[in-house]
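Enquirer: Here it is, the structure in full.
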Amino acid sequence: MTRRRFWSLLPASTGEATEAILANFLLHWFPARMRSTSLAWTPSLWLGTITAVLFVLLLLSGLPLMVFYIPSTREAYQSIKDIEHVVSFGWWFRAAHRIAAHLMVIVSTLHLARVFLTGAYRNGGAREQHREWNWVIGVAMLAGTVVLSFTGYLLPWDQLAFWAVTVSMNIAAATPLVGPVLRDLLIGGREIGQTALMRFYLLHIVVVPIAMAVLVGYHMWRVRKDGGLARGDAPQDGVEVVVAIPAVARRVAVVTLATWLVVTVLAIVIPSPLEDAANALLTPNPAKAPWYFLWLQEIVADTTVRVGSVVVNGAFIGGVLLPTALLVLMTLWPWLDRSPAAVVGRTMPRERRTQVLVFIALAAFILALTVVGLLRGPSWHFYWPWQAWADVPARF
Amino acid sequence: MARVTLTSGEPGWRDRVWLAVLAVLLVAVTVFLVYREAMPEWREHQQRFRGDVQRRFSDRAAAAVPAGIQQICVSGAGRADRCTTCHLATAWRGFERADEPLRTHPAGILRSHPVDRFGCTLCHSGQGWAVDRERAHGHVPDWPEPLLDAATAERLLPGAGRAALMALNCNGCHRYEAVTAGAEIINRARRLVEDKGCRACHRINGRGGLIGPDLTWAGDKHPEQYDYSRLTGRRSVFAWHEAHLQDPRALVADTVMPSFHLAPGDIRALALLVMSWRRVNVDASLVGTLPRTEPQSAEERALVSEMAKGPGRWFVTTGCYQCHPVSVFGVKSPTPIGPDLSTAVDDVERRFSVPIETFIRTPSGTMKAVFARQFMLSPAQKDEAIRQLHAAYAEYQRQQAAPKPAKR
């Protein structure tokens, strides 16, 4: 402990550090002290914090959008046009909301990958840990992120929204036994209309965000209780510990500002698309699901088999069976992983070679299918990036 | 509890530098964002117009130039047009020769279509919601109604000019008129519809045959709903109609629609007319006293009822007269696209090498489609048709044999 010469943000003792945290509501988020390894840039890459910052940015940018958006099939599209063209900074709020949503899906997936590759879903040497439950919460939050993004997809009520949701609801209906009921419950009827828009809107702005906020709070608390970044060894004497104020707070500020900057710049550079107003009588070609479901749509399309006049629809395999199996497997993985506790926290250790390779292969497979899905053109034909799509017919 | 060493972590100065750099960048980006929002494209036009008004008129006049986003709520059509945000001179006098977007709108048409009630996009198309040039003019992806500008007009109707292309939108509301002042190309196409007898096969505005598709709302058919597999070149609705009117069989293999050997100008006019037959969301406050139906003209009705009293009664009441005259009975056709039935008995023998009885019972060619879709005659009615055609031919032979009245 260095002696204070003049004035420093660094508290003089652990007691003072704890007091600073206790006295301030905002600082309450942080533990009073943490291991210096938890503060490092690697291996965590701070992906969880970035996801949390994106969630906050989404809440903030969503507020002004809520003021101007009208959840009615007659006026939703027009209100988005107004947000885009005449509301002050409206285009930027919309773009930031959209970019942050896409980034949140990407970054939270990367966060999950990092936790898997370092085996951080398992308890290390220390006692009183429940990291496997935090993994389950994390999987639930990834699903919540996708649901948030997906329910937001319908709101502009343009062709993109309407048909992406139509495709997805048809896939949902392929669930055995409960499928049609689930679909009817989600869209409030047999066809996607006003009731569907209202349900998706309420899910998007009330139900899922509140559930997510609760889960985020629990997730963070659990991380603190479990002692920060996972480690294989038990706490020993002489381990380096840093005080939260200012070290952790400063680093969180760096991550927050960096995320904010990236979102702001991308929102300026990448315009938000808005297709023609929704038209239930006209299917666009191709009709694509949101990009994070494209790998599923690709599987659905590829597993749809025609034998003579009999069509075996792939919606069940690609849309229901496969994602459900993956989700269940992922949730249960902490209890299935039998590798030694000592390797917890180490990136891709030799002891977990097989499962790491399978995970990477699976991730590469999903990524490849997503890319193929992105490159699909009219009539679901494959186009290389340098091949122009058959031009869309125009009126003139 | 294990004993620990308390440190300040990694070198704090690195994070401080990062924090400072990020903060400066974020402020810079935010300033750029605010600047961009504060200086939209339209502000420049408004400043220039205020200057122009001040130079030409007075400071007081310049003060009356509106500032900020302008909007015309066209309640009668459910539209909000913001075009006048840039096109400020629309209703001002004295800028007739100025460059766009600050030119006075021609006054004539605005007298009957005041801009504060009709807005802009009903006639001009374009995206009224947008307030930047590119998106407002609507030549962007995902906007199906681009501005009907001079460049588009030159591409579609070479030499005809922008007003000709805009006649497309005139006919949205004026569709039931026989003649619309100022929409010459549409009037020309309407005359063609009458002269060529399109209604013999097509229903238009509630009147016409059932052999071809109903064309009343043909303009609403979406570009993706056309079959372009036999069309070469640009895939557009206009190009499809152009090629189809030129040679229907080239695009639709099994069609019975004949080629009318139209001049290119006529083809373009008709393509435009067909595309103009769209549902337009306008209410009575805009449509006013324009006709809402297109009934048969009084002369035509009188002629038909006159003919129905004569010896050719059967041909009139059955509907044959719509395409075929029967001159020996004094039956005239409004659109004589089929041969005179007076000599059908002889004519059918010569053209199809079958007796009229066989032809009527098992027709071929155009009449096959006509008997299949429009005039579905029972065997008894077909027998009657054969009797009537023989009667007409007998009358023809009688008239040929009779000494002609001597000419003086």
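Bear in mind these aren't lab numbers, they're just calculated from the coordinates by the rules spelled out. In this text the structure is predicted, and so the values were computed from the model without any measurement. Because the Cβ atoms are built from the backbone with ideal geometry, glycine has one as well, and the counts that use them run over all protein chains shown.
Enquirer: I need the Debye-formula profile for region B:41-137: one equal scatterer per C-alpha, no solvent, reported as log10 I(q)/I(0) at q = 0.21 1/Å, two decimals.
Expert: After summing over all Cα pairs, the log10 values are -1.11.
Enquirer: Please give the FRET efficiency for A:W41 paired with A:N170, using the beta carbon to beta carbon distance and R0 = 45 Å, rounded to the nearest 0.05.
Expert: Details: r = 44 Å, r/R0 = 0.98.
Once the sixth-power term is evaluated, E becomes 0.55.
Enquirer: Which net charge results for the neighbourhood of B:Q374, defined as the other residues with beta-carbon distances under 12 angstrom from its beta-carbon, given Lys and Arg at +1 and Asp and Glu at -1?
Expert: Working: positive: B:R199, B:R203, B:K368, B:R373; negative: none.
Value of the local net charge: +4.
Enquirer: Report the full-extension gain for the segment B:T358 to B:A253: residue separation times 0.36 nm, less the Cα-Cα distance, to one decimal in nm.
Expert: On the way: separation 105, 0.36 × 105 = 37.80 nm, distance 2.67 nm.
Stretched out fully, the B:T358 to B:A253 stretch lengthens by 35.1 nm.
Enquirer: Then there's this: Which whole-Hz ³J(HN,Hα) couplings does region A:144-158 yield from phi under the Karplus relation 6.51 cos²θ - 1.76 cosθ + 1.60, θ = phi - 60°, glycine and proline marked x?
Expert: Residue by residue, region A:144-158 yields x, 4, 5, 5, 4, 5, 5, 5, x, 4, 6, 4, x, 6, 9 Hz.
Enquirer: Could you work out the mean count of beta carbons from other protein chains within 10 Å of each residue's beta carbon in B:134-146? Mind dumping the intermediate values first?
Expert: On the way: counts 0, 4, 1, 0, 0, 0, 0, 4, 8, 3, 4, 2, 3.
Going residue by residue through B:134-146 and averaging, the value is 2.
Enquirer: Figure the gain on full extension for B:R278 and B:A401 (residue separation times 0.36 nm, minus the Cα-Cα span) and round it to one decimal in nm. Each step should come with its number before you reach the end.
Expert: Details: separation 123, 0.36 × 123 = 44.28 nm, distance 5.45 nm.
Here the answer is 38.8 nm.
Enquirer: With charges set only on the Cβ (+1 for Lys and Arg, -1 for Asp and Glu), what does the dipole of chain B come to about its Cα centre, in debye to the nearest 20?
Expert: On the way: 53 positive and 43 negative charges, 105 e Å.
Here chain B has a charge dipole of around 500 debye.
Enquirer: Lone cysteines in the protein assembly as shown, going by a 4.7 Å Cβ-Cβ cut-off?
Expert: Within the protein assembly as shown, the cysteines lacking a partner Cβ under 4.7 Å are B:C73, B:C86, B:C123, B:C170, B:C173, B:C198, B:C201, B:C320, B:C323.
Enquirer: While we're on this one: Hey, got the average number of other protein chain Cβ atoms within 10 angstrom for residues in A:387-396? Mind dumping the intermediate values first?
Expert: Values: counts 0, 0, 0, 2, 4, 4, 13, 10, 12, 16.
For peptide A:387-396, the averaged partner shielding equals 6.
Enquirer: What is the Cα centroid distance between region A:242-291 and region B:161-190, reported in whole angstrom?
Expert: Spelled out, the Cα-based centre of one part sits 48 Å from the other.
Enquirer: Helix A:249-269: angle to the longest alpha-carbon principal axis of chain A, degrees 0 to 90, nearest 10?
Expert: Value to nearest ten degrees: 20.
Enquirer: Additional query: For helix A:322-336, report the angle its Cα long axis makes with the longest principal axis of the Cα atoms of chain A; keep it between 0 and 90° and round to the nearest 10°.
Expert: Taking Cα atoms only, the helix is inclined about 20 degrees.
Enquirer: So what is log10(I(q)/I(0)) for region B:298-401 at q = 0.14, 0.18, 0.23, 0.24 1/Å, when the Debye sum runs over its Cα atoms only?
Expert: -0.52, -0.87, -1.40, -1.49
Enquirer: State the percent of C-alpha pairs, over all pairs in region B:225-321, separated by a distance greater than 21 angstrom.
Expert: Details: 2765 of 4656 pairs.
For region B:225-321, the fraction of Cα-Cα distances above 21 Å is 59 percent.
Enquirer: If you don't mind, there's one more thing I want to ask. Taking amide H atoms as placed 1.01 Å from N in the peptide plane, list the residues 5 or more away in sequence, or in a different chain, whose amide H sits under 5 Å from that of A:R35.
Expert: A:V242
Enquirer: Rounded to the nearest 20 debye, what is the charge dipole size of chain A about its Cα centre when +1 sits on each Lys and Arg Cβ and -1 on each Asp and Glu Cβ? Provide the component values of the computation, followed by the final result.
Expert: Values: 31 positive and 21 negative charges, 210 e Å.
Roughly 1000 debye for chain A.
Enquirer: Round to the nearest 10 and give me the degree value, 0 to 90, for the angle of helix A:76-85's Cα axis relative to the longest principal axis of chain A.
Expert: Once rounded, one gets 60 degrees.
Enquirer: Let me ask you something else. So, R0 is 60 Å and r is the distance between the beta-carbons of B:T30 and B:E306; what FRET efficiency does that work out to, to 0.05?
Expert: Values: r = 82 Å, r/R0 = 1.37.
Approximately 0.15, to the nearest 0.05.
Enquirer: Say R0 is 30 Å: what FRET efficiency, to the nearest 0.05, do A:K225 and A:L266 get from their beta-carbon distance?
Expert: Details: r = 35 Å, r/R0 = 1.17.
That gives a FRET efficiency of 0.30.
Enquirer: Kirkwood hydrodynamic radius, computed over distinct alpha-carbon pairs, for chain A: how many Å, to one decimal? Intermediate results must be reported in sequence, preceding the final value.
Expert: Working: mean 1/r = 0.0424 Å⁻¹.
Hydrodynamic radius (Kirkwood, Cα only) of chain A equals 23.6 Å.
Enquirer: Specify which residue in the list A:A126, A:V147, B:A64 is farthest towards the positive end of the charge dipole of the protein assembly as shown, using unit charges on the beta carbon of Lys, Arg (+1) and Asp, Glu (-1), about the Cα centre.
Expert: Highest projection toward the positive end goes to A:A126.
Enquirer: Moving to a separate point now. Can you give me the long-range amide H partners of B:A80? Hydrogens built in the peptide plane at 1.01 Å from N, cutoff under 5 Å, separation of 5 or more residues or another chain.
Expert: Under 5 Å from the amide H of B:A80 lie the amide H atoms of B:V74, each far enough along the sequence or on another chain.
Enquirer: What is the Cα centroid distance between region A:341-396 and region B:48-93, reported in whole angstrom?
Expert: Using only Cα atoms, the two centres lie 52 Å from each other.
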